[in-house]
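For reference, the structure discussed in these notes is given below.
The values are calculated or read from the model by the stated rules, or taken from the named source; none is laboratory data. Just so it is clear, the model here is predicted, and its values are computed rather than measured. Because the Cβ atoms are built from the backbone with ideal geometry, glycine has one as well, and the counts that use them run over all protein chains shown. These area figures cover heavy atoms from the full protein model, side chains too; ligands, DNA and RNA do not enter into them. Shrake-Rupley method; radii C 1.70, N 1.55, O 1.52, S 1.80 Å.
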Amino acid sequence: MKLDSAARSDLLSRYKSRIQKGQQELCEQYNRDPDPARLLYERSHLVDEVLRDLWAELHFSDALALAAVGGYGRGELWPYSDIDLLILLPTDPDAVLAEQLEQLVGLFWDVGLEIGHSVRTVEDCLKEAEGDLTVQTALVEARLIVGNYALFCRMVSEFKNHLDPQVFYHTKRIEQEERYRRYHESPYSLEPNCKDSPGGLRDLQTILWIAQATGYGNSWKDLKRHGFITYQEEQGLERRERFLQQLRIHLHFHARRREDRLLFDYQTALAEQLGFEATPAKRASEQLMQEYYRTAKTIMQLNTILLQNMGAAIFPPPEQEPQPINERFQNAHQLLDVTHERVFSEHPEAMLETFLIMAQHSELKGLTARTIRSLWRARKLIDDDFRNNPLNKERFIEIFKQQRGVLHELRRMNQFDILGRYLPKFGTIVGQMQHDLFHVYTVDQHILQVLRNLRRFSDTAFTHEYPFCSQLISEFERPWLLYIAALFHDIAKGRGGGHSELGAIDAEEFCREHGLSEDDSELIVWLVKHHLVMSNVAQKQDIADPDVVAAFARIAKDERHLTALYLLTVSDIRGTSPKVWNSWKGQLLEGLFNQTRRLLLSGGQVPAQGIIQERKAEAIRLMLYHGIHESAHEQLWNQLDTAYFLRHSSEEIAWHTRALHYRINSEEPVVKARLNPHGDGIEVMAYTRDQRDLFARLVGFFGRAGYNILDARIHTTKHGYALDSFIMLDVTGRDSDRSMINYIEHELKDRLIHQGPPEAPASGRISRQVKHFPIQPQVTIENDEKGAQFVLSVSAADRPGLLYTVAQVLATHGANLHTAKIVTLGERVEDTFLITDGDLGEATSRIKLETELLNRLKS
């Protein structure tokens, strides 16, 4: 039926009003009595009635059928979810019907229904479903709304006849594994997706999809009736499903759109709506997230049990007796099985043996559902007597010593709540959030990420990622000591006080109680206590200064301690967030490692003059290789002080000299850029007569060009020229460093010639994390160890133009900058500047500089 404009306008007005009124009533009813299952059903019912009435009012043929598919077909319609529809036809549509269907779909949208639709015949459905898991999943839950019942039943019948339950089960398992990998196989992201993250609603839906496709029902009661879960597990599933449903409904209402991510923007409001109240120790949002993590963890366990039990029914294993492993365990079709359900209650020490056997037997692919259930029930038997049992202590240490499976089994122990009960102090940091602007995992998951990184160094399949680390760990005696240090390095987070020192005390107690040798204990405790030192030295101090390296070498003591700390440091930084690690940090750490090892192996201090002579000799060799005369450097080098040669490598010195040896008195600025030869990003050298606001001008230009400065080294020659060099990373994502070289050389030279006012970088948005978890900026100015210069330290939330702000304030106060170490830790920066002049010798001048910088960073 074709509507004229008046009829169409009337129809739209009536149905829009009806839908809006219905939605409002459902929202108000939910706020009075928050029953998530009822809301999802009643919203689905509301849309059913609207669609039926529209279908009838438009007089569609009785030969057609309108069906709900996907989540809507399940009878669950979230406040802002799409409405998935299938318009089922007996034959391909003619032109008249095609036009009517197009009008129908347009009306659905115009009355306020956000639909996803397909128009298919039965044959089309079968063809589309073949090999397409998305279509198969949608059709599994198909439900007739209105129209030809016989046509709909034929489609359902033929679809079920074509659907292979075994293939569907197998494909769904692969889909879940891929989804888990997308979320790093962890529910413990600080901003998880309550639908798709591991342990989210999708885990529950996957189970029910498989159950429907294989004829085992469409509810938890059906699965209990078929013996796949116990009554207690059924109740647990319903309770946790209700929590996630409430959370997602509140999230949709709060965001006023389809939103499944528990972003920082929403966590506080959601916590308050769900009844969580802040305490002196924890924010309401932290309590909400801990409840979410506990829920997700349990759902992952029950998902494992159910999929395993259903898989055994869908793929009946061949008749084969379990293969005995010992009197407590057996191999049942490549799964570790307890010989009877009382194993753990009669022999609690067998709990840790479970994970040791899993690590020792590569043929075992997992635990049987019976073993998982027995472990879960017995976990509360882990008490002080259990922890003091020498056999349990021995088995726990043995897990770390295994050639394979260490990470897998520790993750499994954490998932089943065994690890936190055996190590109660680890239990306190399970699900603990970190609002330090650079960790993106909870504390326990960060620890396991660090352990994962260490284990990957030992795996030949990953030697291409960090070959130097892989080489070092292959030569390291008893690498399992590093895994224990990783387990304890952040175990004291959230207690107040220095977590490194407190963690070292915990590690010392653990080593003593587990009978580790004095040397091994000392290494573990030392690593935990000093696990932040190497990162701080490499990123915040001038590692080209022999005194800095010598001081670090005194802490490192010997090559074994140094190697252990280097491996732990690389693993730790990489385990915080994908954003934190970059090749520049890798270059700094490796450079500090190599310099320190050389110093330790030489048995003492390498004189600064000796280092300078070596660098000069190597630089001359490199220049000769490029055809530069061996005496060409003399005029330039005579204008440079000792600090220059200490702060630059031989290769950098040679690059600078090749560019400048014939124009050291150039009236025009010299700007050279190249790809960073040691990693990602670009390296820029600027040489010009010293000028006012030079650093601010350079920083502003680089910021506007889309670059973040990682390292800046500022020198003034004896004859008044500035020789400044920078390492930078592109933050625009354009992947065009090579093409930017000519632009930087030409445009920056032009700016330095004309010496216009410094240009501020383009303003940008502050990240959500900074917005919701702000940190107070900190500024300190202290004498360096030699008393000749001052160290300015700035810690603040990262934001566009921050370095430019610092440069402006320094210029205003007449302070000269010599080096800048720029450390970006996720959403936080910790920058260190070596400065002189500007009356910094006067305490009042330093206070004025600190105060103005703090005020500018707060604004």
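Only residues that are under 21 Å from F60 (Cα atoms) and in a loop (DSSP other than H, G, I, E, B) were counted in the stretch 1-40, giving 4.
Selection of the stretch 442-456 for residues being open to solvent by 10 Å² or more (accessible area, probe 1.4 Å), in contact (Cβ under 8 Å) with a residue 60 or more places away in the chain and out of contact with any strand residue (DSSP E or B) (no Cβ under 7 Å at 6 or more places or on another chain) yields Q445, R452. Of all residues in the stretch 282-293, at least one satisfies being at pLDDT below 95, open to solvent by 50 Å² or more (accessible area, probe 1.4 Å) and not basic (K, R). Based on what the data block shows, is F228 open to solvent by less than 30 Å² (accessible area, probe 1.4 Å), touching a residue at least 40 places away in the same chain (Cβ under 8 Å), among the aromatic types (F, W, Y) and out of contact with any Ser or Thr (no Cβ under 9 Å at 6 or more places or on another chain)? The answer is yes for F228.
State yes or no: is R615 out of contact with any Ser or Thr (no Cβ under 9 Å at 6 or more places or on another chain), of a type in the set (K, R) and in a helix (DSSP H, G or I)? For R615, the condition - out of contact with any Ser or Thr (no Cβ under 9 Å at 6 or more places or on another chain), of a type in the set (K, R) and in a helix (DSSP H, G or I) - is not met. For residues in the stretch 152-179 being open to solvent by less than 30 Å² (accessible area, probe 1.4 Å) and of a type outside the set (D, E, K, R), which is nearest to S577 (Cα to Cα)? Looking at residues that are open to solvent by less than 30 Å² (accessible area, probe 1.4 Å) and of a type outside the set (D, E, K, R), I get Q176. If the condition is being farther than 19 Å from M623 by Cα and open to solvent by less than 30 Å² (accessible area, probe 1.4 Å), then the stretch 652-669 contributes S666, P669. One residue alone among T354, T304 is of a type in the set (S, T, N, Q), at pLDDT 95 or above and within 20 Å of M413 (Cβ to Cβ), and that residue is T354.
Okay, residues lined up against (1) in contact with a Phe, Trp or Tyr (Cβ under 8 Å, 6 or more places away or on another chain); (2) under 28 Å from I543 (Cβ atoms); (3) of a type in the set (A, V, I, L, M, F, W, C):
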position: Y644; (1), (2), (3): no, yes, no
position: I653; (1), (2), (3): yes, yes, yes
position: T657; (1), (2), (3): yes, yes, no
position: L675; (1), (2), (3): no, yes, yes
position: V684; (1), (2), (3): yes, yes, yes
position: R692; (1), (2), (3): no, no, no
position: R697; (1), (2), (3): no, yes, no
position: D724; (1), (2), (3): yes, yes, no
position: L729; (1), (2), (3): yes, yes, yes
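Would the stretch 536-553 turn up any residue that is under 26 Å from T442 (Cβ atoms), crowded, with 20+ Cβ neighbours inside 10 Å and hydrophobic (A, V, I, L, M, F, W, C)? Taking every residue of the stretch 536-553 in turn, none turns out to be under 26 Å from T442 (Cβ atoms), crowded, with 20+ Cβ neighbours inside 10 Å and hydrophobic (A, V, I, L, M, F, W, C). Just one residue in the set E185, E158 is over 20 Å from T137 (Cα atoms) and in contact (Cβ under 8 Å) with a residue 12 or more places away in the chain; that residue is E185.
Contact list please: Cβ distance under 8 Å, first residue in the stretch 543-567 and free of Cβ contacts under 8 Å to residues at least 60 places away in the same chain, second residue of a type in the set (K, R), pairs at least six apart or on different chains. Partner pairs satisfying both residue conditions: E559/R597; L562/R597. The criterion of at least 3 residues that are open to solvent by 50 Å² or more (accessible area, probe 1.4 Å) is met, among helices (runs of 4 or more DSSP H) falling completely within the stretch 315-402, by 369-378, 384-388, 390-401. Is there a residue in the stretch 41-51 that is open to solvent by 70 Å² or more (accessible area, probe 1.4 Å), among the basic types (K, R) and part of a helix (DSSP H, G or I)? No, that holds for no residue.
Which members of the stretch 407-443 meet the condition of being aromatic (F, W, Y), farther than 17 Å from R395 by Cα and modelled with pLDDT of 95 or more? Correct list: F426 only.
Looking at the stretch 408-433, which of its residues are open to solvent by 10 Å² or more (accessible area, probe 1.4 Å) and within 30 Å of E830 (Cβ to Cβ)? Residues satisfying the conditions are K425, T428, V430, Q432, M433. Determine whether the stretch 519-527 contains at least one residue that is of a type in the set (V, I, T), in contact (Cβ under 8 Å) with a residue 24 or more places away in the chain and over 22 Å from Y483 (Cα atoms). Checked against the condition, which is being of a type in the set (V, I, T), in contact (Cβ under 8 Å) with a residue 24 or more places away in the chain and over 22 Å from Y483 (Cα atoms), the stretch 519-527 yields no hits at all.
Evaluated against (1) open to solvent by less than 60 Å² (accessible area, probe 1.4 Å); (2) at pLDDT below 95; (3) over 40 Å from the mean Cα position of the chain (by Cα), E99 falls short on exactly one condition, (1). Taken over the stretch 622-651, the residue count meeting the criterion of being aromatic (F, W, Y), free of Cβ contacts under 8 Å to residues at least 60 places away in the same chain and open to solvent by less than 60 Å² (accessible area, probe 1.4 Å) is 2.
Condition first: part of a strand (DSSP E or B), out of contact with any Cys (no Cβ under 7 Å at 6 or more places or on another chain) and farther than 21 Å from E158 by Cβ. Can you find one or more residues in the stretch 58-68 that meet it?
Our first condition is that a residue be part of a strand (DSSP E or B); within the stretch 58-68, this holds for 65-68.
Imposing the further condition that a residue be out of contact with any Cys (no Cβ under 7 Å at 6 or more places or on another chain) reduces the set to 65-68.
After this cut, where a residue has to be farther than 21 Å from E158 by Cβ as well, the list is none.
Within the stretch 58-68, none of the residues are part of a strand (DSSP E or B), out of contact with any Cys (no Cβ under 7 Å at 6 or more places or on another chain) and farther than 21 Å from E158 by Cβ.
For the list (1) over 27 Å from L274 (Cβ atoms); (2) touching a strand residue (DSSP E or B) at 6+ places or on another chain (Cβ under 9 Å); (3) of a type in the set (S, T, Y), I need the number of the one condition that Y72 fails. So Y72 meets the others, but not (1). The number of residues in the stretch 674-712 being in contact with an Asp or Glu (Cβ under 8 Å, 6 or more places away or on another chain), farther than 15 Å from I727 by Cα and assigned to a loop (DSSP other than H, G, I, E, B) comes to 0.
Quick check, is L77 open to solvent by less than 30 Å² (accessible area, probe 1.4 Å), of a type in the set (A, V, I, L, M) and either modelled with pLDDT of 95 or more or touching a Lys or Arg at 6+ places or on another chain (Cβ under 9 Å) (or both)? Working first, answer last.
Working: open to solvent by less than 30 Å² (accessible area, probe 1.4 Å): yes; of a type in the set (A, V, I, L, M): yes; either modelled with pLDDT of 95 or more or touching a Lys or Arg at 6+ places or on another chain (Cβ under 9 Å) (or both): yes.
Spelling it out, L77 is indeed open to solvent by less than 30 Å² (accessible area, probe 1.4 Å), of a type in the set (A, V, I, L, M) and either modelled with pLDDT of 95 or more or touching a Lys or Arg at 6+ places or on another chain (Cβ under 9 Å) (or both).
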